[in-house]
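All remarks here apply to the structure that follows.
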Amino acid sequence: MGKVKVLEKNVSDKIAAGEVVERPASVIKELLENAVDAGASSVCVEIKGGGISYMRVTDNGSGMTKEDVSLSVIRHATSKIATEDDLTKILTLGFRGEALSSIAAVSRLEIYTKVREEDSGTHMVAYNGEILDVAEAGCPDGTTVVVRNLFQAVPARMKFLKKDFTEAGYIEDIVSRLALSHPEISVKFINNGKEIMFTPGDNLLSSAIYAVYGKDIKNAMVEAHFEERGVSVSGMCGKSAAARSNRGMENFFVNGRYIKSALLSRATEEAYKNELMVGKFPACVLNITLPPENVDINIHPTKLEAKFAEEKHIYHCVYWAVKNALYQSNFVPQVQEHKNIKPQFVRPQSQAEERSMQEQTAPQVKTNLPKEPTATLKETGGFTPTHTTKVMPPCSSNEPPALENRQEAFKLPAQKPIIKPAPEAAASTEQSLPTAEQTPVVPESGAPVYKICGQVFATYIIVEKDGKMLMVDQHAAHERLRYEKLLQQYRGREISSQLLLCPEVLTLTATEFAAFVENQEAICDLGFLADEFGQKQIIVRGTPAEAGECDVKATMLEVIEMLSGSRKYVDDDLAAKMLYRIACRGAVKANAVLNHAEMTKLLDGVFSLTGINTCPHGRPITVEFTKEFIEKQFKRIV
């Protein structure tokens, strides 16, 4: 007797259901996708017991006829594709015809549905994969799906579920993604009778972000947009205040579908280089729109992954959408008075109240910002901005930092938007601190641009500027200025070196010495003058001028350690890290008393920076205190 057998239908259905329904959140995801495909403008999700005992999804979409609802629980029955060619141009979220059949195979399923053209609707009950009843019923337009006792007939699956509150958290993540990807849809989420989330469906992404993440995150987001060769990237990305220690707040949607993509994460995080501290990840909500034939979303059972026909172009567009948004934004954090009140979206009771609420809470969309900022390219490879908030758009022949490491010495892309001071201000950004007195820069009116009030804790410079009090971290400021100058010089292979009065001899390990020999040219490009000096020894005769009075041995060892295993070439990320360390080593430290001229020189450079307010490691350079905030602390105003 043969060993191969055809499985019974109820067994094969449960195996198939396991590919689609992993936990209650999987059910909610499939039902929400169906609601979006049905053209719903309002969706309500209600769960009990973490969704294990009860889930209900109600939408006001197109609904189904009695005939359609009976077919909907049959495997591979779908209204969204008809031929093989349709798989190459999928625009709907669902298309396989597996959702309702898989859910019905592992739960008790009820569907109430009605199309607008008919006077009455249909009620269907299915259990364990079989239809138990189909009858006429009175119900509103749209569809309501109720799922009870998930996995009751599959106890082996039940034991792998987590506690109710954990499963409810997974469901909230799914609902949140729908709200963020479709701000035009009003979304409500109810857990055990308590309303957890409500979005107004006003087609404003900022309103959806407010409802999902709260006021602080919404206020820390800036608009992003870039479009080129049929690919459009739009959405919002967060300032450093919204950064997290994991990628949980990186939200990417392709044609309205949430996906997880290492490609999109790399592009976004590359754009945030020098803006976030090491180990921090950005918050963003980005929707990538492109022709459906250029993306394949049918490569994973849960449809959480996508394959792009032109990965480099997608990377390019996402990178510049984020990069341009960051350089158009002011990154100076402001100290504010915090109240222990949890942000909560309150539904208006009338149209007048709704308009008032929108005026007070919804941020205004900036329609006057150009989509493609411009800048002028200097002969040295650096940029001189023609406007303080504009960034050079990429040319079709140039790419952002490479998707993969290049097998050649690192060269920064010509269009990377490193903002530099205008020529007339260049003299004020020299990195070595002066010893002579210097008059602060003044505008034509004769009034000082800023007023230095002093230095506190031998670390922070206090400044009065534009009606606000600023605290400037002297180390972070000097480190950023040194790094920017090093980066500009490195781009043009013009890093200047300074000879050491007494050369340093370093004894290295075998691995370190090999790394030095293999990368000696790259080390020279960084401004170090070093050669072999015997067995596993090198002699350092010069260092980058911007390194100042650094610890030569420690700095050189750090650079060599970074180069270990680099295979004779330096990529953009590694070069940036080495320049970070050189800049950090040479920058003025905390607990260093500065005179007025030194502080003036440092501040001139800080205020000439455009769109940058972090040190290379991501720490803020300047923090603002408004006059109103200070007066509140002294009870001058309430």
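Data for the structure
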| read-out | value |
| --- | --- |
| Count of residues meeting criterion [buried (at least 18 other Cβ atoms within 10 Å of the Cβ), over 34 Å from the mean Cα position of the chain (by Cα) and part of a strand (DSSP E or B)] in region 147-187 | 1 |
| Output for region 140-170, where each listed residue is in contact with a strand residue (DSSP E or B) (Cβ under 7 Å, 6 or more places away or on another chain) and either modelled with pLDDT of 90 or more or at positive phi (or both) | P140, D141, G142, T143, T144, V145, V146, V147, R148, N149 |
| Contacts under 9 angstrom Cβ, first residue in region 267-289 being more than 11 Å from R619 (Cβ to Cβ) and not assigned by TED's automatic domain parsing to the domain that holds W320, partner surrounded by fewer than 19 Cβ atoms within 10 Å (Cβ to Cβ) and among the small types (G, A, S), 6 or more apart | none |
| Qualifying residue in region 527-544 (condition: aromatic (F, W, Y) and surrounded by fewer than 22 Cβ atoms within 10 Å (Cβ to Cβ)) | yes |
| Every residue from region 52-66 that is farther than 17 Å from A137 by Cα, assigned to a loop (DSSP other than H, G, I, E, B) and out of contact with any Leu (no Cβ under 7 Å at 6 or more places or on another chain) | S53, G61 |
| Pick from region 208-265, criterion within 17 Å of P292 (Cβ to Cβ) and of a type in the set (K, R), ranking: surrounded by the fewest Cβ atoms within 10 Å (Cβ to Cβ) | R229 |
| Residue match in region 225-234 (condition: part of a loop (DSSP other than H, G, I, E, B), aromatic (F, W, Y) and touching a strand residue (DSSP E or B) at 6+ places or on another chain (Cβ under 9 Å)) | no |
| Long-range neighbours under 8 Å by Cβ, at least six apart or interchain, first residue over 19 Å from E117 (Cβ atoms) within region 134-149, second surrounded by fewer than 16 Cβ atoms within 10 Å (Cβ to Cβ) | R148/S53; N149/S53 |
| Every residue from region 589-605 that is within 17 Å of T459 (Cβ to Cβ), surrounded by fewer than 21 Cβ atoms within 10 Å (Cβ to Cβ) and of a type in the set (A, V, I, L, M, F, W, C) | A590, A592, V593, L594 |
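The values are calculated or read from the model by the stated rules, or taken from the named source; none is laboratory data. Note that the structure is a prediction, hence the values are computed from the model and not measured. We place every Cβ from the backbone using ideal geometry, glycine too, and count neighbours over all the protein chains shown.
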